[in-house]
Amino acid sequence: MPDHEAEKTQPRVTPGGVRGQSRGAGPRHTPRSEWLLAGGFSVLLAVVMTWPLARDAGRVIPHDLGDPLLQAYSLGWLGESLRSDPGGLWGSNSFWPAPDSFLFTDTLLGYGPFAMLITGYTSALVVYNVLFIGTFALAFFGMYVLLRQLGARCAGSAVGAAVFAYSPWKLAHLGHLNILSAGGIVLSLALFARGHGWSLRHGFRPERQQPGWVIAGWLVALWQFSIGAALGLAFMYVLLVIAVIVGGWWLLKRPAVRRSIIVADGAGGTIFALGVLWIASKHAAVADAYPEVVRPYDYVKFFSPTMQGFITAPSESRLWGAAHEAARADMTWAPEQTLLVGFTALVLAVAGLTWSVWSGRQRIGLALGIAITTALALGPNFYHDGAWTWQVLYDYAPGFDSVRSTGRTVLYLTIILGILVAGLLTKAADTADELATVIQRGRDSRGPILRAPRRVHALLFLPLALVLFEGLSSAQNFEPRQAPVAVSRLEGPALFLPSDGRDTNVQFWTIDGFVDMANGSAAFTPAKLEKLRDTSKLFPSASSLRDLRGAGIKTVVVIPAWLPGSEWSSLDTTIDPPGVDVERTGEAVIYHLDAD
């Protein structure tokens, strides 16, 4: 009888007594205290790894003053809309007068309950930073739960969770809350596996099916999708592939599935599908209205990584950032092309392919998963311009023609590597117990399995420190610039100049009143905004004033400190155009175009 079969019928004896829980039994037999400890440790670890952000949560924002401010603004708009006008959610105050402008980028809709706590700049920073820290905590906890459900032991699950949550490639995305928010992916997979009574180590066990966990899995999956399409799109297709594989297996094997599980999958799957279709229909309407949403294939190739990217760390890596500077210099867009998953993770995963608690067939499947995710991450830079991989998705899978960055598929590579690492360390833990049994009881394998001393098992947690060390960030936190005007008092629609990448600052300022404005920064730039920007470069000339008034702009706010080096550098703020009231403050010049 194989060892893992014997473990189902035999209690495990430890130096402190007899324990009925078998090795790698999974969450059903895991003490509730373990989940409390795992959750608490996940939060504490996230606070430590992002310190001192928690200390300064109401004053700073991590990584830079670009996309983080945009997403803090998005949370602010989301909260304001849910409180006062849910029906007007999709039409934000940015990109005026464009309809559905909130859908120009990931909406973070799943964070709605937290967003409703935002009432001003300080609360926006606090909510954003709490969610930022929480993404790492949920990623670690979700992966830990998944690995325990698959049959890994504590040390392997902890190290595998760190591989997923603190992989160095994520450091390049510290400014993208929507990309960091990946914990729901692994948590939903864990809930699905638990609800269906399945694990890698023990296979399908009908007696462990629980419909409640199945429903929870579908709800978490929908929540994950609602955060944004940047991760939600690929996740939806992953679930579809899993459903096809499981469906085929069911047709071949005809396992005993409870009626309640079929009902739970039917109900949960319907809720998920309806939610996805509702959100997708909103984005599809935007795609139809704005051809700019579609990314040309050459454009995608520009942002796609090469094989070198898998061993190159982003500049934000405290350990490898400076050492890999020369490698990044050869990249066309390093933030999307540095995909290092961690050298510790790579070494352990390779070892896990040869020696593991997972079966040989399972390891072959995981190796195939590595090949597929690597090929997809390379996008058009894979063999023959990705003709048999990413090109297929781009041409035939709805939504993929709007994806800019193929490298984010590395997320699923880290899941696979985490599983391999957990399998390796679980095998080591099992082997330690088996050696303890041989040493203490001789070669009589018929006796109960003994547990090796705790100090021996503690050694298996050592790789955790190495993985976390590689995941340390050197990125700084920044204090947003205060608004140069009382934004809530402006008469909209307004236009802030210069209007360029710094529009994210402007959007953040409009949390104070959400005045309508033509400015905006998102996943793409509408043609109308591009035209308005071109016109405004001649401001305050008569032709520019005529065009801006014709477009409906009532107030123009010029920030002189931003003019040098911009495309608006020739703008003369000393001129008072006829028919325009001009108000000058210490940091801005405000033009009231409707003075007549």
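What the table shows:
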{"item": "Matching residues in the stretch 535-560 - criterion: being part of a loop (DSSP other than H, G, I, E, B), without any contact (Cβ under 8 Å) to a residue 40 or more places away in the chain and more than 13 Å from Gly579 (Cα to Cα)", "result": "Lys537, Leu538, Ala551"}
{"item": "Any hit, the stretch 243-251, residues being surrounded by fewer than 23 Cβ atoms within 10 Å (Cβ to Cβ), under 30 Å from Leu108 (Cβ atoms) and touching a helix residue (DSSP H, G or I) at 6+ places or on another chain (Cβ under 9 Å)", "result": "yes"}
{"item": "Residues being open to solvent by 30 Å² or more (accessible area, probe 1.4 Å) and assigned to a loop (DSSP other than H, G, I, E, B) - total across the stretch 461-493", "result": "10"}
{"item": "Condition check for Leu187: within 12 Å of the chain's Cα centre (by Cα) and either over 30 Å from Arg318 (Cβ atoms) or open to solvent by 10 Å² or more (accessible area, probe 1.4 Å) (or both)", "result": "no"}
{"item": "Residue satisfying all of: in the stretch 505-546; among the charged types (D, E, K, R) and under 16 Å from Gly76 (Cα atoms); nearest to the chain's Cα centre (by Cα) among these", "result": "Asp512"}
{"item": "Any hit, the stretch 168-185, residues being closer than 21 Å to Thr426 by Cβ and at pLDDT 95 or above", "result": "no"}
{"item": "Residue within the stretch 294-307 that is in a loop (DSSP other than H, G, I, E, B), basic (Lys, Arg), in contact (Cβ under 8 Å) with a residue 40 or more places away in the chain and open to solvent by 80 Å² or more (accessible area, probe 1.4 Å) present", "result": "no"}
{"item": "Top-ranked residue in the stretch 336-361 [being part of a helix (DSSP H, G or I) and of a type in the set (Ser, Thr, Tyr); ranked as least open to solvent (accessible area, probe 1.4 Å)]", "result": "Thr344"}
{"item": "Scope the stretch 399-427; condition open to solvent by 20 Å² or more (accessible area, probe 1.4 Å), under 18 Å from Lys301 (Cβ atoms) and either outside any helix (DSSP H, G or I) or modelled with pLDDT of 95 or more (or both); matching residues", "result": "Val403, Arg404, Arg408, Thr409"}
{"item": "So Pro540, is it crowded, with 20+ Cβ neighbours inside 10 Å, out of contact with any helix residue (DSSP H, G or I) (no Cβ under 7 Å at 6 or more places or on another chain), of a type outside the set (Ser, Thr, Tyr) and farther than 30 Å from Asp288 by Cβ", "result": "yes"}
{"item": "Residue that is least open to solvent (accessible area, probe 1.4 Å) [pool: residues in the stretch 44-59 that are assigned to a helix (DSSP H, G or I) and either without any contact (Cβ under 8 Å) to a residue 60 or more places away in the chain or of a type outside the set (A, V, I, L, M) (or both)]", "result": "Val48"}
{"item": "Test for Arg502: is it under 26 Å from the mean Cα position of the chain (by Cα) and open to solvent by 40 Å² or more (accessible area, probe 1.4 Å)", "result": "yes"}
{"item": "Residues located in the stretch 495-534, provided they are of a type in the set (Asp, Glu) and not in a helix (DSSP H, G or I)", "result": "Asp500, Asp512, Asp516"}
{"item": "Qualifying positions in the stretch 67-90 - out of contact with any Lys or Arg (no Cβ under 8 Å at 6 or more places or on another chain) and surrounded by fewer than 19 Cβ atoms within 10 Å (Cβ to Cβ)", "result": "Leu82, Arg83, Ser84, Asp85, Pro86, Gly87, Gly88"}
{"item": "Some residue of the stretch 435-445 being touching a residue at least 60 places away in the same chain (Cβ under 8 Å), of a type in the set (Asp, Glu) and over 30 Å from Leu376 (Cα atoms)", "result": "no"}
{"item": "Only listed residue being open to solvent by less than 20 Å² (accessible area, probe 1.4 Å) and either among the hydrophobic types (A, V, I, L, M, F, W, C) or over 14 Å from Ser499 (Cβ atoms) (or both), chosen from Ile590, Ile575", "result": "Ile590"}
{"item": "Filtered residues of the stretch 91-121 (kept if among the hydrophobic types (A, V, I, L, M, F, W, C) and surrounded by fewer than 17 Cβ atoms within 10 Å (Cβ to Cβ))", "result": "Met116, Leu117"}
{"item": "The stretch 474-513, subset in contact with a Leu (Cβ under 6 Å, 6 or more places away or on another chain) and among the hydrophobic types (A, V, I, L, M, F, W, C), residue nearest to Val589 (Cα to Cα)", "result": "Phe508"}
{"item": "Residue match in the stretch 199-210 (condition: open to solvent by less than 10 Å² (accessible area, probe 1.4 Å) and either within 27 Å of Pro463 (Cα to Cα) or without any contact (Cβ under 8 Å) to a residue 12 or more places away in the chain (or both))", "result": "yes"}
{"item": "Scope the stretch 173-183; condition touching a residue at least 60 places away in the same chain (Cβ under 8 Å), in a helix (DSSP H, G or I) and either open to solvent by 10 Å² or more (accessible area, probe 1.4 Å) or closer than 18 Å to Tyr237 by Cα (or both); matching residues", "result": "Asn178, Ile179"}
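Here is a yes/no grid of residues against (1) surrounded by fewer than 14 Cβ atoms within 10 Å (Cβ to Cβ); (2) without any contact (Cβ under 8 Å) to a residue 40 or more places away in the chain; (3) aliphatic (A, V, I, L, M); (4) farther than 21 Å from Phe302 by Cα:
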{"site": "Arg363", "(1), (2), (3), (4)": "no, no, no, yes"}
{"site": "Leu366", "(1), (2), (3), (4)": "no, no, yes, yes"}
{"site": "Ile370", "(1), (2), (3), (4)": "no, no, yes, yes"}
{"site": "Ala375", "(1), (2), (3), (4)": "no, yes, yes, no"}
{"site": "Ala397", "(1), (2), (3), (4)": "no, no, yes, no"}
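The values are calculated or read from the model by the stated rules, or taken from the named source; none is laboratory data. Note that the structure is predicted; figures quoted are calculated from it, not measured. Cβ atoms come from the backbone with ideal geometry, glycine included; neighbour counts cover every protein chain shown. Surface accessibility is based on the protein's heavy atoms, side chains included, excluding ligands, DNA and RNA. Shrake-Rupley method; radii C 1.70, N 1.55, O 1.52, S 1.80 Å.
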